[in-house]
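Read the structure below first, then the notes.
The values are calculated or read from the model by the stated rules, or taken from the named source; none is laboratory data. A quick note: this is a predicted structure, and the numbers were derived from the prediction, not measured. Cβ coordinates were reconstructed from backbone atoms using ideal geometry, including for glycine residues, and neighbour counts include every protein chain displayed.
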Amino acid sequence: MVETIGNTAEGNMIINVGPQHPATHGVLHLVITINGETIQKVEPHLGYIHRSIEKMCESLTYRQFIYVTSRMDYLSAHINNHACALCVEKGLQIEVPTRAQYIRVIMDELTRIASHELWWGAMAMDLGAFTPFFHAFRERESINDIMEETCGARLTMNYMVPGGVMQDIHPDFQRKVKAFIQQFKSKFSEYNEMVTGNIIFQNRMKQVGVLSAEDAISYGCSGPAARGSGVSCDIRKIYPYEIYNTLEFEEVLETGGDSFARYMVRLNEMHQSIKIIEQLIDNIPEGDFQAKTKAVLKLPKGEFYQRVETARGELGVYIVSEGGTTPYRIKFRSPGFSNLSVLDHIARGSKLGDLVAMMGTLDLVIPDIDR
Amino acid sequence: MTNEDLKIKLTELMPSAVIEEGGEWLTLNIEASNWHSMATILRSEVTVCFDYLFCLTCIDWKSHLTMVYHLSSTSYRHNIVVKINLDRNNPAIETVANIWRTAEFHEREVYELFGVNFLNHPDLRLLILPDGWEGKNPLRKDFEDPINMIKL
């Protein structure tokens, strides 16, 4: 047991942030050693929401285990499901109908926007501005409505199944998505007026939590956390899956490496996601929304690895199969776990107040880290 | 680099490693005692440059444990899998946290869930499990907890 509060011999003080703290967005416990206001060390203590998802999956079939993964990174629930479905399809060599691929990618990108919206609102709230939270939720609400109509759920959709998607899109889907795109475009300037251009906000973000490209790679960072340091790591670009290689979009890169760079990456990613949806929404081909699959899925003996780009970075699904109806072992390489490990490195030497900005721009989702 | 080119290159660099084909990526089967020196080669050799350790985990085969390392190169975009078999009763392997910093967290996770002892690890403590959790490794196949049931 580490001492959780008090003074050490060197004049350092140990304080706790969490497990219940507004800035940790979940049950993350950080034991921080400070000297005056300067951070000496940050030690994350995990496990407050550990549900042992990997062990649970060992007794679930290949159709069932997908539903558990919505509860990992609940803000990228669609993309988690997508990764699992792709991994099972890779093992069974199922050809997914084009219509299903289009629907999947549109859903993924809507999820990415919804996730970044929530992050943006919460990020501004962490730094003391409460209003942006409501603006972000206004747009996020439109996406949740679209999800509810087509998938039947707002947060844990469980819409992806091996072979395609669970049911066809709602007749009103295309109209609603186009209305959302209009809404997003007309409101987006507010985001920059309220937060991005704000000089107080910029002062709290620039040169805070600087992460070099080498360290980002060495610490296994991925997603916007690494792209803010100029590391090209977008799985949609470098190891494309589904129809991503036919789409026109840019990988957003910033070179600053500080909190502001990571902030700008996410803001611009929302535009790229809109660009992707615009290319697809009017061209969804006719056809099946699901490939014909057997009722009981049995993956051949072997190992299958599938990675996808979630809103937080690279998610890997590693299935070891012994040929049965349930996986022998499953490992989820969650992006948040590796991104959290860099927190101690970037926080050392900076002021305690800046820690909130660093945590915010790493976009930690605790159920994703604990699994 | 394609898998064939990579295979030729890796055979040159590490003659003792057994390279397995068939999967999506090449698999290197090596001995635990060689791991640290080979990891150094994989990371520092400029022609392969595996600088990104994107997945580190362990599998319990009931007779032995297998450490699995997934490596990728951010400059060449090629991937390999490294597998190392360990004795189930006394699993121990050299840490690679000084080569890939991300290994520090991942090894702590494997340490508590599988009971693998990582030699020379800078900070080998429990990460996810509560303090005082001793002797039981939840992801091993023989782990049973009748009170907090994990199996569904």
Residue check, A:A83 modelled with pLDDT of 90 or more and within 14 Å of chain B (Cβ to nearest Cβ): yes
Anything in the stretch A:50-68 that is within 24 Å of A:V342 (Cα to Cα) and buried (at least 17 other Cβ atoms within 10 Å of the Cβ)? List them, or say none. A:H50, A:S52, A:I53, A:E54
Is it the case, given these coordinates, that A:R262 is crowded, with 21+ Cβ neighbours inside 10 Å, part of a helix (DSSP H, G or I) and not aliphatic (A, V, I, L, M)? yes
Please list, ordered by first then second residue, the pairs with beta carbon atoms under 8 Å, 6 or more apart or interchain, first in the stretch A:44-69 and within 8 Å of another protein chain (Cβ to nearest Cβ), second assigned to a loop (DSSP other than H, G, I, E, B) and hydroxyl-bearing (S, T, Y). A:E58/A:T326; A:E58/A:Y328; A:S59/A:T326; A:L60/A:T326
Residue among A:T361, A:T255 that alone is among the β-branched types (V, I, T) and either within 14 Å of chain B (Cβ to nearest Cβ) or over 18 Å from the mean Cα position of the chain (by Cα) (or both): A:T255
The conditions are (1) in contact (Cβ under 8 Å) with a residue 60 or more places away in the chain; (2) of a type outside the set (S, T, Y); (3) surrounded by fewer than 18 Cβ atoms within 10 Å (Cβ to Cβ), and A:N35 fails exactly one of them. Which is it? (1)
Step by step: first the residues of the stretch B:20-62, then only those that are under 11 Å from B:I80 (Cβ atoms) and out of contact with any helix residue (DSSP H, G or I) (no Cβ under 9 Å at 6 or more places or on another chain), then the one that is modelled with the lowest pLDDT. Which residue is that? B:G23
I want to confirm something. Restricting to the stretch A:318-344 and keeping residues that are within 9 Å of chain B (Cβ to nearest Cβ) and among the β-branched types (V, I, T), which single residue is nearest to A:M359 (Cα to Cα)? A:V342
Residue that is surrounded by the fewest Cβ atoms within 10 Å (Cβ to Cβ), among those in the stretch A:190-226 that are charged (D, E, K, R) and under 30 Å from A:R307 (Cβ atoms): A:E214
State whether one or more residues within the stretch B:131-141 are surrounded by fewer than 16 Cβ atoms within 10 Å (Cβ to Cβ), acidic (D, E) and either more than 19 Å from A:I369 (Cβ to Cβ) or in contact with a strand residue (DSSP E or B) (Cβ under 8 Å, 6 or more places away or on another chain) (or both). yes
Filtered residue count, the stretch A:327-356, keeping only those that are out of contact with any Gly (no Cβ under 6 Å at 6 or more places or on another chain) and under 22 Å from B:K83 (Cβ atoms): 8
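Here is a yes/no grid of residues against (1) over 29 Å from A:G336 (Cα atoms); (2) touching a Cys at 6+ places or on another chain (Cβ under 6 Å); (3) within 11 Å of chain A (Cβ to nearest Cβ):
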residue: B:N3; (1), (2), (3): yes, no, no
residue: B:E12; (1), (2), (3): yes, no, no
residue: B:H36; (1), (2), (3): no, no, no
residue: B:I41; (1), (2), (3): no, no, no
residue: B:S73; (1), (2), (3): no, yes, yes
residue: B:K83; (1), (2), (3): no, no, yes
residue: B:L86; (1), (2), (3): no, no, no
Sole exception among (1) surrounded by 22 or more Cβ atoms within 10 Å (Cβ to Cβ); (2) farther than 20 Å from A:V308 by Cβ for B:H70, by number: (2)
In this structure, does A:D168 turn out to be among the acidic types (D, E), modelled with pLDDT under 90 and more than 30 Å from A:D354 (Cα to Cα)? yes
What is the one condition in (1) within 11 Å of chain A (Cβ to nearest Cβ); (2) of a type outside the set (K, R); (3) farther than 21 Å from A:R329 by Cα that B:E94 does not satisfy? (1)
Filter the stretch B:97-129 down to residues that are of a type in the set (D, E, K, R) and closer than 30 Å to B:V48 by Cα and give me whichever is nearest to the other protein chains (Cβ to nearest Cβ). B:R101
For the stretch A:280-297, the count of residues that are on the phi < 0 side of the Ramachandran plot, surrounded by fewer than 16 Cβ atoms within 10 Å (Cβ to Cβ) and either assigned to a helix (DSSP H, G or I) or touching a residue at least 24 places away in the same chain (Cβ under 8 Å) (or both) equals 7
Checking A:M157, A:M147, A:M166 in turn, the sole residue that is touching a Lys or Arg at 6+ places or on another chain (Cβ under 8 Å) and of a type outside the set (G, A, S) turns out to be A:M147
Would you check if A:T156 is hydroxyl-bearing (S, T, Y) and over 18 Å from the mean Cα position of the chain (by Cα)? no
Please work out which one of (1) buried (at least 21 other Cβ atoms within 10 Å of the Cβ); (2) part of a loop (DSSP other than H, G, I, E, B) is the condition B:R125 fails and give its number. (1)
